[in-house]
Number of protein chains: 2
Amino acid sequence: MLKVYLAGPEVFLPEAIELGARKKRLCSEYGFEGLYPFDNEISPTSEERIDRRIYRANEQMIRRADFGICNLTPFRGVSADPGTVLELGMMAGLGKRVFAYTNTVRNYLERSKLHDTLTYESSGNVWLDADGMAVEDFGNVDNLMIDWAVAEHGACPIVRHDAHPAEIYRDLTGFETCLRLAAEAISKIA
Amino acid sequence: MLKVYLAGPEVFLPEAIELGARKKRLCSEYGFEGLYPFDNEISPTSEERIDRRIYRANEQMIRRADFGICNLTPFRGVSADPGTVLELGMMAGLGKRVFAYTNTVRNYLERSKLHDTLTYESSGNVWLDADGMAVEDFGNVDNLMIDWAVAEHGACPIVRHDAHPAEIYRDLTGFETCLRLAAEAISKIA
């Protein structure tokens, strides 16, 4: 059974463990074994720093996984959770296939306009943020390195789903679409 | 001569090219060849999407590099530029050594308190953001996956430098410290 690493900011929710269990049940419905960061048993008695042990356990899980599904929903700002982005990059570097979803349909430029006061510089045909720094305008979900890491290493663009704001970190519609895409991709290879 | 990939949000500055040239000159003073994303010649005449070509050129540069130096200064929110974080993860996944710096000495929890209204939940001994999601309190620069990817794959913690706010994306003090750490690390191996 192929193993899928489940990356996303839902690990910071109060109900992180239940949500992980829901994700893992969905994985098994599609014939995969879900690996969720909270499955790591980190005992608080060890002398080593707990954050270092969490890191090592997550990296080991990523290395054990056959592929990944990343939740790239914006988190504490205009972009995705940086822990999830780090894991996405690591999986791409390790040559593992990555699928991803976001629970908003607004693209990066649209979200940047809500988050900051942008100005349009017609001479350079570019949007600038309040610091005078260019804002990417490619219609992508996030920084181009993120969108294209998924497209090149997963062979599918990031799935965009318009979740209810109250459910933005809990809605699993886009996640299930990724599972379906992964199952289809595997059946094509087999 | 060892090649170092130069990741950071300074690519979005109006003077991105000059800043890259400054970084590359510093690299050569330490005996390294700097690879800067803007060195890629992306001609706008090709039929392929420009963002995809930038991605591919950057990934090729990362694969050619012997190690990386990442600018993890907070960008458009509490965390580092997600493009830089993606590249950091990719280098770690590829087994390349990574060094990193940030131009603020405030840690993740301190910055989160400035960015959002946090509440302390004494029963769980945890800080929560306005969405009720846990905020990491390990004294780290950013999400633990970022700090420990650097510490484990670079063997040095993220360098913290207190830059003047107006120079936060231009100050190269922390960058030069990373070059010195890299030169020392290489001399130990050689």
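The values are calculated or read from the model by the stated rules, or taken from the named source; none is laboratory data. Keep in mind that what you see is a predicted model, and the values were worked out from it rather than measured. Cβ: placed from backbone, ideal geometry, glycine included. Neighbour counts: every protein chain shown.
Details
- Residue satisfying all of: in the range B:1-28; among the basic types (Lys, Arg) and assigned to a helix (DSSP H, G or I); surrounded by the most Cβ atoms within 10 Å (Cβ to Cβ) among these: B:23
- Selection status of residue B:121, more than 7 Å from chain A (Cβ to nearest Cβ) and over 23 Å from residue A:60 (Cβ atoms): yes
- Looking only at residues of the range A:159-169 that are part of a loop (DSSP other than H, G, I, E, B) and away from every other protein chain (no Cβ under 13 Å), we find that the one that is surrounded by the fewest Cβ atoms within 10 Å (Cβ to Cβ) is A:164.
- Residue in the range B:36-51 that is away from chain A (no Cβ under 14 Å) and in contact with a strand residue (DSSP E or B) (Cβ under 6 Å, 6 or more places away or on another chain) present: yes
- Within the range B:177-187, not a single residue is in a loop (DSSP other than H, G, I, E, B) and buried (at least 17 other Cβ atoms within 10 Å of the Cβ).
- The strands (runs of 3 or more DSSP E) falling completely within the range A:86-154 that include 1 or more residues that are closer than 26 Å to residue B:153 by Cα map to A:97-102.
- Filtered residue count, the range B:77-100, keeping only those that are more than 19 Å from residue B:27 (Cβ to Cβ) and either under 9 Å from the mean Cα position of the chain (by Cα) or modelled with pLDDT of 95 or more (or both): 14
- Residue B:153, sole failed condition from (1) surrounded by 15 or more Cβ atoms within 10 Å (Cβ to Cβ); (2) at the interface with chain A (Cβ under 9 Å from one of its Cβ atoms); (3) within 16 Å of residue A:83 (Cα to Cα): (2)
- Candidates B:68, B:31, filtered to the one that is buried (at least 22 other Cβ atoms within 10 Å of the Cβ), more than 8 Å from chain A (Cβ to nearest Cβ) and over 20 Å from residue A:142 (Cα atoms): B:68
- Selected residue [more than 11 Å from every other protein chain (Cβ to nearest Cβ), more than 22 Å from residue B:55 (Cα to Cα) and in contact with a Gly (Cβ under 9 Å, 6 or more places away or on another chain)] from A:114, A:181: A:181
- Restricting the range A:109-144 to residues that are in contact (Cβ under 8 Å) with a residue 24 or more places away in the chain and under 15 Å from the mean Cα position of the chain (by Cα), the residue that is surrounded by the fewest Cβ atoms within 10 Å (Cβ to Cβ): A:140
- Filtered by the rule that a residue be aliphatic (A, V, I, L, M), free of Cβ contacts under 8 Å to residues at least 60 places away in the same chain and in contact with a Leu (Cβ under 8 Å, 6 or more places away or on another chain), the range B:40-77 gives B:54, B:61, B:62.
- Search result, residues across the range B:84-95 that are without any contact (Cβ under 8 Å) to a residue 60 or more places away in the chain and either more than 11 Å from every other protein chain (Cβ to nearest Cβ) or surrounded by 16 or more Cβ atoms within 10 Å (Cβ to Cβ) (or both): B:86, B:90, B:93, B:94
- Residue match in the range A:51-60 (condition: within 19 Å of residue B:146 (Cα to Cα), under 15 Å from the mean Cα position of the chain (by Cα) and surrounded by 22 or more Cβ atoms within 10 Å (Cβ to Cβ)): yes
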